[in-house]
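What follows is a short report on a single structure.
The values are calculated or read from the model by the stated rules, or taken from the named source; none is laboratory data. All figures in this text were calculated on a predicted structure; none of them were measured in a lab. So basically every Cβ, Gly included, is an ideal-geometry build from the backbone, and we count neighbours across all protein chains shown.
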Amino acid sequence: MKTKRIGSITACALSLIFVLLLAIPLVGCGFDKTVDRAAKNLNNYDIEAVFSDEDKTIKATEIVTIKNTHKETMSTIKFHLYGKAFREDAKILPYTYTSTSKCFPNGISYGDMQINSVYEGENPLNFSYSGQDNNILVIDKSLKKNESTKIIIQFELKLAECIHRLGWFGDAVNLGNWYPILCIFENGEFVCDPYYSIGDPFYSECSNYKVKFTFNSQYKVATTGQIKNEKIEQNLTTVQVEAKAVRDFCIALNKNFEVVSGKVGETEINYFGYINDTDIEKNLKTAKLALSTFNSIFGTYPYRTLNVVKTPFLFGGMEYPNTVWIADNISDDFELTKVIVHEIAHQWWYGLVGNNEVKYSYIDEALAEYSTILFFEKNESFGITRQKLVQENALSYQLYAEVIDSIGGTINDKLNQSVIEFQSEFEYAYVVYVRGSLFMDALRDKIGDKAFNNALKSYFKKYKFLVADRNALLKCFNKAAGDDLTDFFEEWKA
Ligand SMILES: [Zn+2]
């Protein structure tokens with residue numbers, strides 16, 4: 001009997017070792033499969049771009065493979081040209097009057113974006129600029145249901161000297177929304193909003209990217225995706241980057257980057273600070289904690305890389321897929337922590353679950369802002385409670401309302417409205433972020449912690465790599481709560 005038992009234990013241990021051996025590579029495989037599965041049947045961008053440091057321009061060729069997966073025929077194909085918003089004769093500016101001086105510390109500067117040619121294979125295609133402020137590229141090419149095409153666009157970008165998503169300043173170059181990106185085709189037409197000054201007025205679908213980018217070797221680079229190859233020749237660095245199933249592709253260059261790296265699960269997380277910064281390790285630690293916290297609350301971040309990048313920026317931070325930008329002028333420690341956490345939360349709310357950020361800006365912003373409260377609640381070592389943060393938000397909103405009241409104004413406090421309906425960037429910030437997070441907290445109080453968490457998990461699971469809207473969010477909360485929350489949403493104008 002003894003022998004038999006030893007035998008069975010040994011067999012069991014061996015089979016366990018065998019299972020473990022099998023399981024080790026399988027963990028990583030399963031991880032990659034999530035993105036690989038999502039990447040199937042998406043549009044593909046293949047971009048080759050060269051940045052000239054001397055005249056701050058980019059010359060690029062972009063090959064986009066597009067399939068019409070809709071039932072309606074696309075009579076033309078339309079792309080956003082966000083770079084055109086920085087041109088001298090632009091009528092709709094990507095910055096408000098109040099943020100102009102922050103955006104241009106060295107005086108007003110202009111950029112531009114020019115399309116040189118558009119081809120389908122060997123055949124040149126006619127194209128024109130259209131949209132409310134000529135920021136839309138219209139290509140004379142129709143695409144029936146299930147038809148595919150490969151469009152080759154040659155373009156040039158001139159960067160303004162400015163502290164914004166797109167521009168150069170000092171030793172830094174920000175390339176956000178820098179290449180022609182396909183407008184979303186919805187209900188039989190392309191959504192063609194211009195680059196508004198308020199909010200992050202973008203709306204794009206997940207696609208696969210291969211980007212070959214050449215720049216002066218004085219710079220270091222932080223991008224969306226994974227760098228697959230890097231070579232330096234005659235003081236020029238060329239990186240080849242791949243990103244699957246991402247909503248956009250950004251690049252940041254800086255002559256002073258210093259990088260520290262860590263790992264959370266299967267994701268490598270890199271913090272790009274500046275040389276001689278003393279808070280690099282601390283910021284990496286915050287970023288790692290944010291990633292692991294949100295992995296456990298919402299569902300796992302499925303990509304191999306997350307870059308947290310310090311750069312000149314006129315707001316606190318900015319989210320792009322696989323990357324967040326953190327403004328380099330934040331001196332307050334707690335503020336910096338909040339910005340890192342808020343921007344990383346956007347990897348779930350914007351990056352993975354997309355939404356039309358012009359029409360429903362409150363969705364991803366209120367969720368990202370409330371996610372910071374969930375972060376501090378979960379990580380008690382910061383010593384900040386949910387109650388304290390919610391009270392602070394309530395007080396701050398009340399003070400704002402009193403100020404507006406004292407000057408005889410009224411707040412347009414609707415959450416569910418387009419960014420263009422807000423009267424100022426202050427109103428947008430107080431309503432969308434502050435009131436938005438108060439709405440999320442009230443919703444949680446109404447349906448309870450368990451239903452609230454389940455709703456966020458199911459919203460993520462159901463819509464990751466896709467786009468959602470207000471009704472999708474409402475439905476997830478209804479289902480998790482086992483209740484119809486339409487009236488509650490409407491009370492909050494959400
Ligand atoms: Zn945000």
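Taking the criterion of being small (Gly, Ala, Ser) and in contact with a strand residue (DSSP E or B) (Cβ under 9 Å, 6 or more places away or on another chain), the residues of segment 437-494 that qualify are 468, 472. Confirm whether residue 128 is free of Cβ contacts under 8 Å to residues at least 24 places away in the same chain, out of contact with any Gly (no Cβ under 6 Å at 6 or more places or on another chain) and either within 16 Å of the ligand (Cβ to nearest atom) or in a strand (DSSP E or B) (or both). Yes. Of all residues in segment 343-381, those that are within 12 Å of the ligand (Cβ to nearest atom) and basic (Lys, Arg) total 0. For segment 85-112, the set of residues classified as within 25 Å of the chain's Cα centre (by Cα) and in contact (Cβ under 8 Å) with a residue 60 or more places away in the chain consists of 85, 86, 92, 93, 94, 95, 96, 98, 99, 102, 103, listed by residue number. The helices (runs of 4 or more DSSP H) found wholly in segment 378-494 and carrying at least 3 residues that are β-branched (Val, Ile, Thr) occupy 386-406.
For segment 439-465, the set of residues classified as out of contact with any Leu (no Cβ under 9 Å at 6 or more places or on another chain) and within 28 Å of residue 208 (Cα to Cα) consists of 457, 458, 461, 462, listed by residue number.
Criterion first (within 16 Å of the ligand (Cβ to nearest atom) and in contact with a strand residue (DSSP E or B) (Cβ under 6 Å, 6 or more places away or on another chain)) does residue 287 satisfy it? So residue 287 passes the test. Looking at residue 489, is it under 30 Å from residue 37 (Cβ atoms) and touching a Lys or Arg at 6+ places or on another chain (Cβ under 9 Å)? It is false that residue 489 is under 30 Å from residue 37 (Cβ atoms) and touching a Lys or Arg at 6+ places or on another chain (Cβ under 9 Å). None of 200, 248, 171, 193 is surrounded by fewer than 18 Cβ atoms within 10 Å (Cβ to Cβ) and among the acidic types (Asp, Glu) except 171.
The selection criterion, being touching a residue at least 12 places away in the same chain (Cβ under 8 Å) and surrounded by fewer than 15 Cβ atoms within 10 Å (Cβ to Cβ), holds for residue 275.
Could you say whether any residue in segment 325-342 is assigned by TED's automatic domain parsing to the domain that holds residue 265, of a type in the set (Lys, Arg) and either more than 16 Å from the ligand (Cβ to nearest atom) or in a strand (DSSP E or B) (or both)?
no
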